[in-house]
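Working notes, beginning with the structure itself.
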Amino acid sequence: MNNNMQNKKVLIVGMGKSGIAATQAMLKLGAKVFVQDSKPLSEIEPQLVNFLISRNVKCYFAEKPSCLEDIDMMIVSPGVPLELGFVQEAINKGVEVVGELEIAYRAGNGNYVAITGTNGKTTTTTLVGEIFKNAKKKTYVVGNIGVAVISMALSAELDSWLITETSSFQLETTKYFKPKVSAILNLTPDHLNRHHTMENYGAAKAKIFENQDENGYYIANYDDPMSFQLSKNCKKAKIVPFSRKVKLPYGAFVADGRIVIINDTGNLIALCGVDELKIPGEHNLENALAAAAISYFAGIEPDVISDTLRAFRGVEHRLEYCGQVDGVHFVNDSKGTNPDASIKAIEAMKNNIILIAGGYDKGSDFTDFIKAFDGRVKHMVLLGKTAPKIKEQAEAIGFYNITLAKNMEECVISAFKLAVPGDTVLLSPACASWDMYSCFEQRGEHFKNCVHGLEK
């Protein structure tokens, strides 16, 4: 669909990657642009300020925008809560409040594959992107994975595919967004400081299939009761289940050690062997099943899917092997930003783990995370705002092998000293990074640099 933005007055809230891309796109489309950010002018990149001034953009830094009476639309960045006073004021005035994903869909071209879930989004999105590229499709891998959707959508061709990692924050501000294929990988408690309840969180995720019609496919995890329950709200799209535990009459599953699909006509298509996957852990088998189903029902040839599944080695910061020092192995799982993601990382490792955890508090409970240690984790080194909370919850259920550290360097040195040859030092924080880092990637890079420091 196309949406004429010529001379529309648009306020863009949040000057991160998404907000900057939305600003550039709106200017390109001829809109009159205003921007707001909670940071003061002194903390905004000078180059960005110069760009905005040169385009006659009115800026509100660390202040409430006074243009609410005049604007036609507000585009909020994913990190901006809709509960914010002036956002609610705009909604009450009848201003349309959307996100950059919605605007990309309206103003751009291309076919969308949309992937969400609490965990596994980045791995699955990257893998689907590789499958589409290997099938020689015009492919853009965008969204929550780090590339603003709108930065690619405006230049995308009609026959291109935007493989889009979508977060609950992005989905809650969609209105007409309609992917050809959608997927919810799983649903576990996360971002409850923002969504408050699991019902709200699930409802935001379920917007991924809300506008799909009979020609669309929704890929659903049969093994995950909480997310599969959302399927009942999928009224029109064809629901395709995937399972690593159950042989299904339709969809993607494991049979005789192989990933297989039963299609719309009842034919069984055998893809690759489970033991041929290069990405470790049962959660990654789920990601591979989801990616296979997404790609097959989007029209990709089975041989391309099989070959890509066999070749794919995973993504940076997700169970990324960083080498070994004096027989001690180091694994970077900085993408483990909630307890459930880190449980999966621990389960994917063998025994004798020295675990580095902690960070920004999103309101999570860590009891199940600590119970999942199950003899695998020998010692835990904690950092960040959640360190005291995790320590208290660990000791309450009898895990006392805990060291507190001030920063990542101290964590890595302490973990290395605690380890013996054959042990694995695993960074899987079970928390977001925002108390100490701008993003989980920066945290993962710092961990790797600290490991390289040990090597020297």
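Do we find that Ile402 is in contact with a Phe, Trp or Tyr (Cβ under 8 Å, 6 or more places away or on another chain), of a type in the set (Val, Ile, Thr) and open to solvent by less than 40 Å² (accessible area, probe 1.4 Å) in this structure? No; evaluated as a whole, the condition is false for this residue. Close Cβ contacts (under 6 Å, 6 or more residues apart or on different chains) running from residues in the stretch 200-223 that are under 12 Å from Val181 (Cβ atoms) to residues that are surrounded by fewer than 23 Cβ atoms within 10 Å (Cβ to Cβ) and among the polar types (S, T, N, Q) comprise Ala220/Ser231. Residue under question is Val412, and the condition is that it be of a type in the set (Val, Ile, Thr), outside any strand (DSSP E or B), open to solvent by 20 Å² or more (accessible area, probe 1.4 Å) and closer than 17 Å to Val328 by Cβ; does it hold? In short, no.
Can you find a residue that is open to solvent by 30 Å² or more (accessible area, probe 1.4 Å) and in a helix (DSSP H, G or I) anywhere in the stretch 328-335? No, that holds for no residue. Evaluate the stretch 390-399: report whether one residue or more is open to solvent by 50 Å² or more (accessible area, probe 1.4 Å), in a strand (DSSP E or B) and more than 19 Å from Phe440 (Cα to Cα). Within the stretch 390-399, not a single residue is open to solvent by 50 Å² or more (accessible area, probe 1.4 Å), in a strand (DSSP E or B) and more than 19 Å from Phe440 (Cα to Cα). With respect to Leu285, determine if the residue is within 18 Å of the chain's Cα centre (by Cα), open to solvent by 10 Å² or more (accessible area, probe 1.4 Å) and touching a residue at least 40 places away in the same chain (Cβ under 8 Å). Here the answer is yes, as Leu285 does meet what is asked.
Note on the stretch 341-363: among residues that are farther than 14 Å from Leu427 by Cα and in contact with a Cys (Cβ under 9 Å, 6 or more places away or on another chain), the one that is surrounded by the most Cβ atoms within 10 Å (Cβ to Cβ) is Lys362.
Quickly run through the stretch 238-248 and pick out the residues that are open to solvent by 10 Å² or more (accessible area, probe 1.4 Å) and within 17 Å of Ile294 (Cα to Cα). Those that are open to solvent by 10 Å² or more (accessible area, probe 1.4 Å) and within 17 Å of Ile294 (Cα to Cα): Lys238, Ile239, Pro241, Arg244, Leu248.
Of the residues Ala220, Ala293, which is within 18 Å of Lys121 (Cβ to Cβ), out of contact with any Cys (no Cβ under 9 Å at 6 or more places or on another chain) and surrounded by 15 or more Cβ atoms within 10 Å (Cβ to Cβ)? Steps first, please.
Details: Ala220 fails: out of contact with any Cys (no Cβ under 9 Å at 6 or more places or on another chain).
Selected residue: Ala293, the only one of Ala220, Ala293 that is within 18 Å of Lys121 (Cβ to Cβ), out of contact with any Cys (no Cβ under 9 Å at 6 or more places or on another chain) and surrounded by 15 or more Cβ atoms within 10 Å (Cβ to Cβ).
None of Thr188, Thr139, Thr197, Thr122 is among the β-branched types (Val, Ile, Thr), in contact with a strand residue (DSSP E or B) (Cβ under 7 Å, 6 or more places away or on another chain) and at pLDDT below 95 except Thr122. Could you go through the stretch 260-271 and let me know if any residue there is of a type in the set (Ser, Thr, Tyr) and either closer than 29 Å to Phe369 by Cα or surrounded by 18 or more Cβ atoms within 10 Å (Cβ to Cβ) (or both). No. Restricting the first member to the stretch 52-70 and to residues that are touching a residue at least 12 places away in the same chain (Cβ under 8 Å), and the second to residues that are of a type in the set (Lys, Arg) and part of a strand (DSSP E or B), the beta-carbon pairs closer than 8 Å and six or more apart or on different chains are Cys67/Lys9; Cys67/Lys58; Asp70/Lys9. Of the numbered criteria (1) surrounded by fewer than 19 Cβ atoms within 10 Å (Cβ to Cβ); (2) outside any helix (DSSP H, G or I), the one Lys133 fails is (2).
The values are calculated or read from the model by the stated rules, or taken from the named source; none is laboratory data. On a predicted model such as this, the values are computed, not experimentally measured, just so you know. Positions of Cβ are backbone-derived with ideal geometry, glycine not excepted, and every protein chain shown enters the neighbour counts. Quick note on the areas: whole protein, heavy atoms, side chains included, nothing else; ligands and nucleic acids left out. Shrake-Rupley method; radii C 1.70, N 1.55, O 1.52, S 1.80 Å.
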